[in-house]
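Participant: Dropping the structure in here first, questions after.
The values are calculated or read from the model by the stated rules, or taken from the named source; none is laboratory data. Keep in mind that this is a model prediction, so the values were computed, not measured. Cβ atoms come from the backbone with ideal geometry, glycine included; neighbour counts cover every protein chain shown. Side chains are part of the model used for accessible areas, which takes the heavy atoms of the whole protein and leaves out ligands, DNA and RNA. Shrake-Rupley method; radii C 1.70, N 1.55, O 1.52, S 1.80 Å.
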Amino acid sequence: MPIARAEAFAPASMGNVGVAFDIMGLAFREPGDIVCVEWDDAPGVVIAAIEGDDGCLPRDPQKNSASVAAASVLKQLGVARGVRLTLRKNLPLASGLGSSAASAVAAAVAVNALCGAPLSRAELLPACLDGEAAVSGYHVDNVGPSLIGGITLITGIEFDNIFRLPVPENLHFALVTPDVAVPTAKARAVLPSHVPLRELVAQTGAVARLVDALHHGDLEALAAAMESDRIIEPARAHLIPMLSDARAAAKRAGALGLVISGAGPTLCAVCDAPQVAQRVAAALGAVYDAVGIDNTTRHTRVCPDGARVLSVA
């Protein structure tokens, strides 16, 4: 029986992993976006509905990361028919959780499933990047981990440039997303155009230390390496309210370290046990509650497998 409908999930992600700007990313188990696609007689992609975005996302299919990725898959497969797309946004916009990437990945995976799943994850990557590029630029540090899962080292835009790194067994995270939008374009605009050689050497060493810590399962070294960014975080710190207070509160509650997730404003604390992550999440929420800033907290882990098909019918 021909497939008439397919639904896929793609997880949130954290670009940079603290110190590794644009060259590392990881996928979180939750939250994530869901895209449902159905065949349409007219060619192209129609956005039937978007849920959970408070009306903020564009309904123009050429300007939405999900519909652009969906159209790219159809073009890649040479499919003449079109699709109707429903996007369920469970990720806040401009949050540092790879929101546009998750939408693009979920759409690409859903359309591929609707067509009988002829494309591999490697073959889907270009369509996912097309979707991300329509909104945030041609970056793999969110798309890559959202598509394949895990913790990834990224050295280019081809699938062969994405390398999976070990995930320590006891790695847990506490996240807080204060209700303050930090668009990626704004976060990139404040970055320095020149970096002193001394800072570059220190940054390179910190990235190497991070990779070594993952291979050894050393969470204390991992957290220290993630926190040792001397270039990107100092430039962006003023965009994140209560950053220093949140870091201090997280560590008092048992976190090993805390970094900005992607461009922010989400903050990610590294923890070594689920109960610690729960406690740290509560402590982070309390920091923002105390100053009247709405926020969302959660505790989560690395998503090992990335995007997945939820249903076909």
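Participant: Checking the condition modelled with pLDDT of 95 or more and acidic (D, E), which residue from D54, D33 passes?
Facilitator: Criteria check complete, one pass: D33.
Participant: Among the residues of region 11-19, is there at least one that is within 25 Å of C271 (Cα to Cα) and open to solvent by 20 Å² or more (accessible area, probe 1.4 Å)?
Facilitator: no
Participant: Which members of region 113-130 meet the condition of being among the hydrophobic types (A, V, I, L, M, F, W, C) and either part of a helix (DSSP H, G or I) or open to solvent by less than 10 Å² (accessible area, probe 1.4 Å) (or both)?
Facilitator: Matches in region 113-130: A113, L114, A122, L124, L125, A127, C128, L129.
Participant: Inside region 72-112, can you point out the residues that are surrounded by fewer than 24 Cβ atoms within 10 Å (Cβ to Cβ) and at positive phi?
Facilitator: Scanning region 72-112 gives G78, A94.
Participant: For region 238-268, which residues satisfy the criterion of being in a helix (DSSP H, G or I) and touching a Gly at 6+ places or on another chain (Cβ under 9 Å)?
Facilitator: Taking region 238-268 and keeping what is in a helix (DSSP H, G or I), we get 238-239, 243-252.
Once the filter is applied, which keeps residues that are in a helix (DSSP H, G or I) and touching a Gly at 6+ places or on another chain (Cβ under 9 Å), region 238-268 yields L239, L243, R247, A250, K251.
Participant: May I pose another question? Taking the residues in region 157-170 that are touching a strand residue (DSSP E or B) at 6+ places or on another chain (Cβ under 7 Å) and open to solvent by less than 60 Å² (accessible area, probe 1.4 Å) as candidates, determine which candidate is farthest from G285 (Cα to Cα).
Facilitator: Kept after step one, since they are touching a strand residue (DSSP E or B) at 6+ places or on another chain (Cβ under 7 Å), are these residues of region 157-170: 161-165, 167.
Filter again for open to solvent by less than 60 Å² (accessible area, probe 1.4 Å), leaving 161-162, 165.
On the way: N161: 37, I162: 34, L165: 30 Å.
So the residue we want is N161.
Participant: Now for a different question. Looking only at region 192-202, decide whether some residue is touching a residue at least 40 places away in the same chain (Cβ under 8 Å), more than 30 Å from A110 (Cβ to Cβ) and out of contact with any Phe, Trp or Tyr (no Cβ under 6 Å at 6 or more places or on another chain).
Facilitator: Checked region 192-202: at least one residue is touching a residue at least 40 places away in the same chain (Cβ under 8 Å), more than 30 Å from A110 (Cβ to Cβ) and out of contact with any Phe, Trp or Tyr (no Cβ under 6 Å at 6 or more places or on another chain).
Participant: Let me ask another. What about T266, is it open to solvent by less than 40 Å² (accessible area, probe 1.4 Å), more than 17 Å from H238 (Cα to Cα), at pLDDT 95 or above and of a type in the set (S, T, N, Q)?
Facilitator: Criteria not met by T266.
One line per residue, one yes/no per condition, for (1) out of contact with any helix residue (DSSP H, G or I) (no Cβ under 8 Å at 6 or more places or on another chain); (2) at pLDDT below 95; (3) within 17 Å of M14 (Cβ to Cβ); (4) open to solvent by 60 Å² or more (accessible area, probe 1.4 Å):
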residue	(1), (2), (3), (4)
K186	no, yes, no, yes
L200	yes, yes, no, yes
A206	no, no, yes, no
L210	no, no, yes, no
A213	no, no, yes, no
G217	yes, no, no, no
L222	no, no, yes, no
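Participant: Taking the stated definitions as given, is F173 over 13 Å from the mean Cα position of the chain (by Cα), of a type in the set (A, V, I, L, M, F, W, C), surrounded by fewer than 22 Cβ atoms within 10 Å (Cβ to Cβ) and farther than 29 Å from D41 by Cβ?
Facilitator: no
Participant: Moving to a separate point now. From (1) surrounded by fewer than 16 Cβ atoms within 10 Å (Cβ to Cβ); (2) under 30 Å from L258 (Cα atoms), pick out the condition that doesn't hold for G55.
Facilitator: In the conditions (1) surrounded by fewer than 16 Cβ atoms within 10 Å (Cβ to Cβ); (2) under 30 Å from L258 (Cα atoms), G55 misses (2) alone.
Participant: Filter region 269-313 for residues that are aliphatic (A, V, I, L, M), assigned to a loop (DSSP other than H, G, I, E, B) and open to solvent by 40 Å² or more (accessible area, probe 1.4 Å); which is farthest from I148 (Cα to Cα)?
Facilitator: V291
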